[in-house]
Amino acid sequence: MDRFDRIYGLHRIFRSARHPVSRKTLEEKLECSRATVNRAIEDLRDFLSAPLRYDRLRNGYYYDEKDGERPYELPGLWFNASELHALLATQKLLAGVGPGLLDGFLAPLRKRIEHILASERLSRSDVTQRVRILSMGSRTMPPDSFTSVASALMQRRRLAIVYHGRQRDTVTERTVSPQRLVHYRDNWYLDAWCHTRRGLRSFSLDRIQKARDTGDTAADLDDQRLDRHFSDAYGIFSGIPGNTAVLLFSPERARWVAEERWHRDQQARFREDGSYELRVPYDDPRELVLDILKYGPDVEVTSPASLRAEVHARLAAALARYEGD
């Protein structure tokens with residue numbers, strides 16, 4: 001009997017008991033030692049907030065529930081949101097890994113996850129049917145590209161890559177020193193020092209057509225420099241933010257946007273009319289413009305003028321497609 005089984009067993013005993021239950025009785029019913037019963041009692045009372053009390057006169061434990069109150073029940077799931085997401089994401093990733101070099105190492109991990117779910121009184125099929133993790137906008141990536149990039153990153157090797165950039169629709173050859181792999185909005189990116197362009201760049205892995213180890217040792221950049229370059233600006237686009245977007249959301253949309261985090265250094269306030277003003281630092285406006293456009297008439301760019309003009313042009317171009325209707 002594992003920890004979870006003991007807690008469930010303890011709960012069933014107290015739920016059905018008409019009188020306080022002694023520790024000795026608990027040891028016998030659970031078939032475990034005094035120390036183990038003590039730990040189960042502490043878990044039930046302190047971790048799961050059960051109304052468990054000890055009656056000295058009758059030398060036993062009982063649920064202290066008031067008349068008319070809803071009876072105490074154990075939670076059906078003991079994971080918080082981040083733990084559940086991590087567990088299911090890991091399970092999903094492991095399910096997609098076919099037989100290979102790591103199979104002997106991954107098999108025990110798969111079994112461990114199934115054991116965790118079983119201990120929560122859940123089967124794997126129950127979880128996958130009741131909880132969904134949706135991926136939006138993920139792009140197909142050649143598996144060889146990921147393997148080559150990840151290997152060079154961990155072994156600190158330079159890469160010669162053939163890269164097809166979306167913005168200019170051009171193919172270039174680069175020599176890069178990998179610094180970090182980034183998983184962002186369901187896609188993978190490589191932050192690297194580009195020796196060809198002599199600067200830090202971010203490469204979408206699905207656009208790397210070829211990647212070859214040059215045999216040279218990769219250049220290492222310190223974390224602070226990488227954070228300043230890649231984390232200060234808005235979204236995936238790097239650079240030191242030289243602008244601040246001021247966005248005004250309608251009162252109807254404000255209830256949602258106020259609970260969102262667009263940037264770690266954002267500033268926001270509610271106006272008297274219920275609208276919501278959000279200030280976001282940015283460098284490259286491309287991703288920011290797309291996020292603004294998805295709110296349609298519920299947001300207005302009040303500054304800077306260049307960003308306002310770009311959003312206006314995009315909206316006008318979109319409207320022009322419907323003018324013949």
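The values are calculated or read from the model by the stated rules, or taken from the named source; none is laboratory data. Being a predicted model, the structure only gives us computed values, none of them experimental. Don't worry about glycine lacking a Cβ; one is built from the backbone with ideal geometry, like all the others, and counts go over all protein chains shown.
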Exercise. Look at Arg279 and say whether it is at pLDDT 95 or above and farther than 28 Å from Val149 by Cα.
Key: yes
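Residues checked against (1) exposed (fewer than 13 other Cβ atoms within 10 Å of the Cβ); (2) in a helix (DSSP H, G or I); (3) in contact with an Asp or Glu (Cβ under 8 Å, 6 or more places away or on another chain); (4) modelled with pLDDT of 85 or more:
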site: Asp5; (1), (2), (3), (4): no, yes, no, no
site: Leu10; (1), (2), (3), (4): no, yes, no, yes
site: Ile13; (1), (2), (3), (4): no, yes, no, yes
site: Glu27; (1), (2), (3), (4): no, yes, no, yes
site: Val37; (1), (2), (3), (4): no, yes, yes, yes
site: Ala40; (1), (2), (3), (4): no, yes, no, yes
site: Ala50; (1), (2), (3), (4): no, no, no, yes
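This table checks each residue for (1) over 23 Å from Ser204 (Cα atoms); (2) outside the structural domain of Pro178 (by TED's automatic domain parsing); (3) touching a strand residue (DSSP E or B) at 6+ places or on another chain (Cβ under 8 Å).
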| residue | (1), (2), (3) |
| --- | --- |
| Leu221 | no, no, yes |
| Gln224 | no, no, no |
| Trp262 | no, yes, yes |
| Arg279 | yes, yes, yes |
| Val289 | no, yes, no |
| Pro304 | yes, yes, yes |
| Glu310 | yes, yes, no |
Practice problem: Look at the stretch 224-266 and say how many of its residues are modelled with pLDDT under 90, buried (at least 16 other Cβ atoms within 10 Å of the Cβ) and part of a helix (DSSP H, G or I). | Solution: 3
Quiz item: Would you call Glu287 acidic (Asp, Glu) and either more than 30 Å from Val149 (Cβ to Cβ) or free of Cβ contacts under 8 Å to residues at least 12 places away in the same chain (or both)?
Solution: no
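Taking Pro178 as the residue in question, decide whether it is surrounded by 12 or more Cβ atoms within 10 Å (Cβ to Cβ) and at pLDDT 95 or above.
Yes, satisfied.
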Quiz item: In the stretch 268-275, is there at least one residue being among the aromatic types (Phe, Trp, Tyr), surrounded by 15 or more Cβ atoms within 10 Å (Cβ to Cβ) and either farther than 25 Å from Ala317 by Cβ or touching a Phe, Trp or Tyr at 6+ places or on another chain (Cβ under 6 Å) (or both)?
Solution: no
Exercise. Report, by residue number, each residue of the stretch 288-325 that is touching a Ser or Thr at 6+ places or on another chain (Cβ under 8 Å) and part of a helix (DSSP H, G or I).
Key: Pro297, Asp298, Arg308
Practice problem: Within the stretch 15-25, track down each residue that is in contact with a strand residue (DSSP E or B) (Cβ under 8 Å, 6 or more places away or on another chain) and either assigned to a helix (DSSP H, G or I) or of a type in the set (S, T, N, Q) (or both). | Solution: Arg15, Ser22, Arg23, Thr25
Quiz item: Can you tell me how many residues in the stretch 120-157 are among the hydrophobic types (A, V, I, L, M, F, W, C), modelled with pLDDT of 70 or more and not in a loop (DSSP other than H, G, I, E, B)?
Solution: 6
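Here are some residues: Glu300, Glu323. Which one is modelled with pLDDT under 95 and of a type in the set (D, E, K, R)?
Of the residues listed, the single one that is modelled with pLDDT under 95 and of a type in the set (D, E, K, R) is Glu323.
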Self-check item: Residue list for the stretch 184-220, filter: aliphatic (A, V, I, L, M) and under 17 Å from Met141 (Cα atoms)
Solution: Leu190, Leu205, Ile208, Ala211
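Could you please give the count of residues in the stretch 187-201 that are part of a strand (DSSP E or B) and hydroxyl-bearing (Ser, Thr, Tyr)?
Within the stretch 187-201, residues that are part of a strand (DSSP E or B) and hydroxyl-bearing (Ser, Thr, Tyr) number 1.
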Quiz item: Would a scan of the stretch 83-91 turn up a residue that is of a type in the set (Gly, Ala, Ser) and either touching a helix residue (DSSP H, G or I) at 6+ places or on another chain (Cβ under 9 Å) or at pLDDT 80 or above (or both)?
Solution: no
